[in-house]
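**Student:** Here it is: the structure, laid out below.
The values are calculated or read from the model by the stated rules, or taken from the named source; none is laboratory data. Remember, predicted model here, so these are calculated numbers, not experimental data. All Cβ positions, glycine included, derive from the backbone under ideal geometry; neighbour counts span all protein chains shown. SASA here: full protein model, heavy atoms, side chains in, ligands and nucleic acids out. Shrake-Rupley method; radii C 1.70, N 1.55, O 1.52, S 1.80 Å.
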Amino acid sequence: MSFASLGLIDPLLRNVQALDYQTPTPVQVKAIPAVLSGKDVMAAAQTGTGKTAGFALPLLQRLVQHGPAASSNRAGVLVLVPTRELAEQVLQSFIAYGKGLDLRLLAAYGGVSINPQMMKLRKGVDVLVATPGRLLDLNRQNAVQFDQVQTLVLDEADRMLDLGFARELNAIFAALPAERQTLLFSATFTDDIRAMAASILRGPVNISVSPPNATASKIRQWVVPVDKRNKPELFMHLVAENKWEHALVFVKTRKGVDYLAAMLDEAGYAIDTIHGDKPQPARLRALERFKTGEVQMLVATDVAARGLDIDDLPLVINVDLPIVAQDYVHRVGRTGRAGASGVAVSLVCADEAPQLAAIEALIRETLSREEEPGFEAEHRVPQTSTTGQIVKKPKKLKKPKVPQGAPGTVQAVGTKTGAQSGENKRKPTAQRAVAAEQGTRLSGGNPFSVKKPRGKPANGRGKSRP
Ligand code: AMP
């Protein structure tokens, strides 16, 4: 199968060739003809499958062949994405695939000044890649109207819902012309996504290039059970032992990011960080430096998990499991892209058993556990299953029945997990994700340390938050 046989025009074929794409990927084989014919598409395609070219190439062709060019403060193709990073990356893909076509392309996202975006919209754009919040801001300020949108693309739709954009999306859908083409791409298909798809797609072509909710198949993934307080040392040990030299490292909190980055820095690694408090230009710089190899270890919170286009990343290290199971698929999707094989290792403590169970249910696979000698978990990580259940609660060590004060008396160790305490059920998902992104308010020191017992706040500053 060649790109030419999919019906693409010469300028696009030249651009694809310049990028050294030899053959279309499975999602491209199915999506390109469907999009060219003007049909709606619903695609279960995870990161790394080549989905961006799957929609960008045929949409560029339709713009060239069918026009008409969007007028002032209008867009012809609207691509909605969850994050700024993905917006920038999708824009770059459109630029590369559409080289020489003389089209007006723009990415609009928050965290940077709105004025240049408003200026560019004045002349109208052929393709507008936007995050939902900033798009609505622009719309409220009359910088963009939706009446000329011919095609709507939802890229990483599941992530947009995870991030709590449902209201913004509905507002945008309501303002779009009813007569349009709609393409929905999602790595995972939850009930919410299916409901949204049913309400916005008309007779879509269904594309599934890998089992929905599966992680890329060539990735070797395993779990290392460990006590929470030992995570930083285990992490450094694994990095040194395995001579890992280029990895994307995920940590739950901003504070955890800083802590590990400092350890890596001290050990002589070239490091950088990505988290929600970092201004957008600094995040993009960190990513660029990581891609070029100038930075060896990029330590990030969830904000970096989606949409980063890093080819052939050999290794993802989850020092903390994500709170939202889908994020695991997206994190691990950073490796093993476009056929490259990769490694994903997760350091998991007893508190994270519910997250582990949810991940295994989602990927329909029990991740193998490999304890690291010298770091065996005192608080055992309960057994999990692909039904999402925690099979066996950890056994509490019984107090030995020996007389008080007898020689060799052992103190019992409690192992209350997050599942037992209902810790993760208090807040809605998006809120929890944001809370996690904003970082812990710990009393200093190792942010991975186990919590102080209830009722005895450390330094009188209250108990730590997740
Ligand atoms: P995506 O899933 O769209 O993020 O693409 C993943 C990676 O695959 C990107 O780095 C693309 O440049 C690359 N890619 C996309 N299509 C092809 C292709 N047909 N052949 C080789 N690489 C590709």
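**Student:** With buried (at least 24 other Cβ atoms within 10 Å of the Cβ) and away from the ligand (no atom under 13 Å from the Cβ) as the only criterion, which of ALA70, ALA34 stands out? Let's see the steps before the verdict.
**Tutor:** Values: ALA34 fails: buried (at least 24 other Cβ atoms within 10 Å of the Cβ).
The conditions single out ALA70.
**Student:** Still on this structure: Mind telling me which of the residues GLN89, GLN22 ends up being closer than 23 Å to VAL149 by Cα and within 11 Å of the ligand (Cβ to nearest atom)? Give the derivation first.
**Tutor:** Details: GLN22 fails: closer than 23 Å to VAL149 by Cα.
Every option except GLN89 fails the conditions.
**Student:** If you don't mind, another one. In the stretch 282-302, what count of residues is obtained for those that are of a type in the set (Ser, Thr, Tyr) and either under 17 Å from GLU88 (Cβ atoms) or out of contact with any Phe, Trp or Tyr (no Cβ under 9 Å at 6 or more places or on another chain) (or both)?
**Tutor:** Narrowing the stretch 282-302 to residues of a type in the set (Ser, Thr, Tyr): 292, 301.
Now drop any that are not either under 17 Å from GLU88 (Cβ atoms) or out of contact with any Phe, Trp or Tyr (no Cβ under 9 Å at 6 or more places or on another chain) (or both), which leaves 292.
Residues meeting the conditions: 1.
**Student:** If you take the residues in the stretch 223-245 that are within 24 Å of GLY293 (Cα to Cα) and in contact with a helix residue (DSSP H, G or I) (Cβ under 8 Å, 6 or more places away or on another chain), which one is surrounded by the fewest Cβ atoms within 10 Å (Cβ to Cβ)?
**Tutor:** MET236
**Student:** Continuing with this model, one more query. Cβ contacts < 7 Å: first residue on the phi > 0 side of the Ramachandran plot, restricted to the stretch 45-67; second residue of a type in the set (Val, Ile, Thr), any location; separation 6+ or different chain. Result?
**Tutor:** Partner pairs satisfying both residue conditions: GLY50/THR25; GLY50/VAL27.
**Student:** Does ASP277 meet the test of being in contact with a Lys or Arg (Cβ under 8 Å, 6 or more places away or on another chain), open to solvent by 10 Å² or more (accessible area, probe 1.4 Å) and touching a residue at least 12 places away in the same chain (Cβ under 8 Å)? Don't jump to the end; show me each part of the working.
**Tutor:** Working: in contact with a Lys or Arg (Cβ under 8 Å, 6 or more places away or on another chain): yes; open to solvent by 10 Å² or more (accessible area, probe 1.4 Å): yes; touching a residue at least 12 places away in the same chain (Cβ under 8 Å): yes.
Taking the combined requirement at face value, the residue satisfies it.
**Student:** When you go through ALA56, ALA45 one by one, which is the residue that is under 21 Å from LEU103 (Cα atoms), in the same structural domain as ARG180 (by TED's automatic domain parsing) and buried (at least 23 other Cβ atoms within 10 Å of the Cβ)?
**Tutor:** Details: ALA45 fails: under 21 Å from LEU103 (Cα atoms).
After ruling out the rest, the residue left standing is ALA56.
**Student:** Cβ-Cβ distance below 6 Å, separation of 6 or more or different chains: which pairs start in the stretch 6-23 with a residue that is farther than 13 Å from ALA53 by Cα and end on one that is assigned to a helix (DSSP H, G or I) and of a type in the set (S, T, N, Q)?
**Tutor:** ILE9/GLN61
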